[in-house]
Amino acid sequence: MASITSLGTGSGIDLEGMVRKLMAVESQPLNALAAKEAGYQAKLSAYGSLSGALSSLQSAAKTLATAGTFTGKTVSVSDTTTLTATVNSSATPGTHSISVTQLAKFNAVRSNVNYAATTDTFTTGTLSIQTGSGTPVDITIDSSNNSLAGIRDAINQANAGVTASIINDGTTNRLVLTSKSLGTDGAITVTAADSTSGGTHALSGLASANLVTTQAADNAMLSVDGVGITRSSNTISDAVDGLTLNLLKGSATTPATANVSVVRDLGTVTSAVSAFVKAYNSVISQAKSLTAYDAVNKKASLLTGDNTVRDIQARLSGLRNNTVSGVGGGVSRLSDLGIAVQVDGTLATDNAKLQKALNDPAVDVAALFGSTATGNAGIATRLSGAIDGMINSQGIIKSRTDGINTSIKNLQDRADAMNLRLAAIEKRYRAQFAAMDKLVSGMNQTSTYLSQQLASLANLSGNSR
């Protein structure tokens, strides 16, 4: 009898279909486990989303709890062709009148002897170059570098605080030294120790006494609110506390003037408050969405009735209504700044009221948000600390998600055991159906054989008549 390689081949019965249907029934408990795991996974995702929103709120709260958020300044200049300015938090708000009568310049000197070519040679010896009151730098001039080009290169290689170059004016070559430092700090002094031999031109011809000044070592000269100031740089950071001035133009004959105004950077504070309100509302909206119940369709949300989310909502509600005592200007709660609670639990800002509070120097908005006094911390400080207890590694969300992950692991263990059992059941079904298939196949073959034999007997009987 031929062997059967696939269920139903011998019998002609759809045994594979029967096995599939039987296993579908057997797998129903496994499907229920998978559906339950999917529900847990959805809750994990919901908690992850809520945790992310809380983290954003904590970041916004930390910004408001930072004193630097409220100490920023901005600066404006009435004529930016005269000067530009930058400011830091130590600057005092106010306006300064500035007049520039001289810019600091780089001292430049040139040789006063006609040199026909850059290959012209000099007597050997030593050049000593000093800028301002700095230490002189000695440069040895010998047979290896006593050409005009060689001296230029030797000076540049010596890092003597100047840049040496050769300029051809169409008739002759000039050695030009330009200081790397502005003003009198960069004034160039050159001395020469001349051996009087070794070349055509005297090395002493390059000493200061024989050089022509092409640009004086001028200091910057300006007045700030009528007070005269002299500096050796066009960038001045020590005239007005917290203010750096970058001078661009001005001369004694044509003074350049500009007003520099320093004001509090209220834009940064307003943006920080706006970000805080937006982040708070995002958490409230997410929490409501995750716990909502659709009464019409009688459908719960992922975390409807979840005690952890309820706890978070209650804590946030309490924190937004906290008061801080002893704050300058008589403010003690968010509503004093125009940040009010709406019917749905979110916050809304009255920008006019907020700006009025920010513009009032008596109102200590920074303390209301960021005070760290024990038992009387600022609202943002309290909120940041509370959120830490919600989302950190020991927080209530982590505790809840750890429990969900444990439940998922238990379901997966049960599913693994069930899959092993289902594999054994399917194997048993297949063995039973294979035996039946083989039996029916054999019976079918016997039936066919008997039918053939009976037909043959009938034919023989007919022929014998």
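Some values worked out for this structure:
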read-out	value
Residues that are surrounded by fewer than 16 Cβ atoms within 10 Å (Cβ to Cβ), under 50 Å from the mean Cα position of the chain (by Cα) and free of Cβ contacts under 8 Å to residues at least 24 places away in the same chain, drawn from segment 159-206	Asn159, Thr163, Ser165
Exclusive hit being in contact with a Gly (Cβ under 6 Å, 6 or more places away or on another chain), farther than 30 Å from Leu411 by Cβ and at pLDDT below 80, set Leu7, Leu15	Leu15
Residue in segment 141-151 that is of a type in the set (Ser, Thr, Tyr), over 15 Å from Ile188 (Cα atoms), touching a Ser or Thr at 6+ places or on another chain (Cβ under 9 Å) and in a strand (DSSP E or B) present	yes
Whichever residue in segment 291-304 is assigned to a loop (DSSP other than H, G, I, E, B) and touching a helix residue (DSSP H, G or I) at 6+ places or on another chain (Cβ under 7 Å) and, among such residues, is surrounded by the fewest Cβ atoms within 10 Å (Cβ to Cβ)	Thr304
Residue in segment 239-253 that is polar (S, T, N, Q) and over 44 Å from the mean Cα position of the chain (by Cα) present	yes
Extreme residue, surrounded by the most Cβ atoms within 10 Å (Cβ to Cβ), among residues of segment 144-158 that are farther than 16 Å from Ala117 by Cα and of a type in the set (Gly, Ala, Ser)	Ala154
Cβ-Cβ under 7 Å pairs, at least 6 apart or on other chains, segment 20-46 side closer than 20 Å to Ala417 by Cα and outside the structural domain of Thr406 (by TED's automatic domain parsing), far side surrounded by 11 or more Cβ atoms within 10 Å (Cβ to Cβ) and of a type outside the set (Ser, Thr, Tyr)	none
Hits in segment 207-223 (condition: surrounded by fewer than 18 Cβ atoms within 10 Å (Cβ to Cβ) and of a type in the set (A, V, I, L, M))	Ala207, Ala209, Val212, Ala216
Filtered residues of segment 106-124 (kept if in contact with a Ser or Thr (Cβ under 9 Å, 6 or more places away or on another chain) and either under 18 Å from Thr230 (Cβ atoms) or outside any loop (DSSP other than H, G, I, E, B) (or both))	Phe106, Asn107, Ala108, Val109, Arg110, Tyr115, Thr121, Phe122
Every residue from segment 261-290 that is among the basic types (Lys, Arg), under 22 Å from Thr66 (Cα atoms) and not in a strand (DSSP E or B)	Lys278
Residue that is in contact (Cβ under 8 Å) with a residue 60 or more places away in the chain and assigned to a strand (DSSP E or B), where the choices are Leu64, Leu127	Leu127
Qualifying residue in segment 54-64 (condition: closer than 30 Å to Ser237 by Cα and either buried (at least 16 other Cβ atoms within 10 Å of the Cβ) or outside the structural domain of Val277 (by TED's automatic domain parsing) (or both))	yes
Test result for Val260, buried (at least 19 other Cβ atoms within 10 Å of the Cβ), in the same structural domain as Val363 (by TED's automatic domain parsing) and at negative phi	no
Qualifying residues in segment 79-105 (those that are assigned to a strand (DSSP E or B) and polar (S, T, N, Q)) - the one nearest to Asp265 (Cα to Cα)	Thr86
Residue check, Ala216 within 46 Å of the chain's Cα centre (by Cα), farther than 27 Å from Ala117 by Cβ, of a type in the set (A, V, I, L, M) and modelled with pLDDT of 95 or more	no
Residue within segment 52-71 that is of a type outside the set (Gly, Ala, Ser), closer than 30 Å to Gly226 by Cβ and touching a Ser or Thr at 6+ places or on another chain (Cβ under 9 Å) present	yes
Positions within segment 289-347 being small (Gly, Ala, Ser), free of Cβ contacts under 8 Å to residues at least 40 places away in the same chain and farther than 21 Å from Ser274 by Cα, in sequence order	Ser289, Ala292, Ala295, Ala300, Ser301, Gly305, Ala314, Gly328, Gly329, Gly330
Residue list for segment 266-299, restricted to those being of a type in the set (D, E, K, R) and more than 30 Å from Ser89 (Cβ to Cβ)	Lys288, Asp294, Lys298, Lys299
Qualifying residue in segment 281-300 (condition: modelled with pLDDT of 90 or more, among the hydroxyl-bearing types (Ser, Thr, Tyr) and within 32 Å of the chain's Cα centre (by Cα))	yes
Members of segment 170-196 that are assigned to a strand (DSSP E or B) and of a type in the set (A, V, I, L, M, F, W, C)	Leu175, Val176, Leu177, Leu182, Ile188, Val190, Ala192, Ala193
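Conditions tested, residue by residue: (1) over 21 Å from Thr178 (Cβ atoms); (2) outside any loop (DSSP other than H, G, I, E, B).
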residue	(1), (2)
Gly198	yes, no
Ala209	no, yes
Thr213	no, yes
Asp218	no, no
Ser223	yes, yes
Thr230	yes, yes
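The values are calculated or read from the model by the stated rules, or taken from the named source; none is laboratory data. Values in this document were obtained by computation on a predicted structure and should not be read as measured data. Ideal geometry is used to build each Cβ from the backbone, glycine not excepted, and the neighbour counts take in all protein chains shown.
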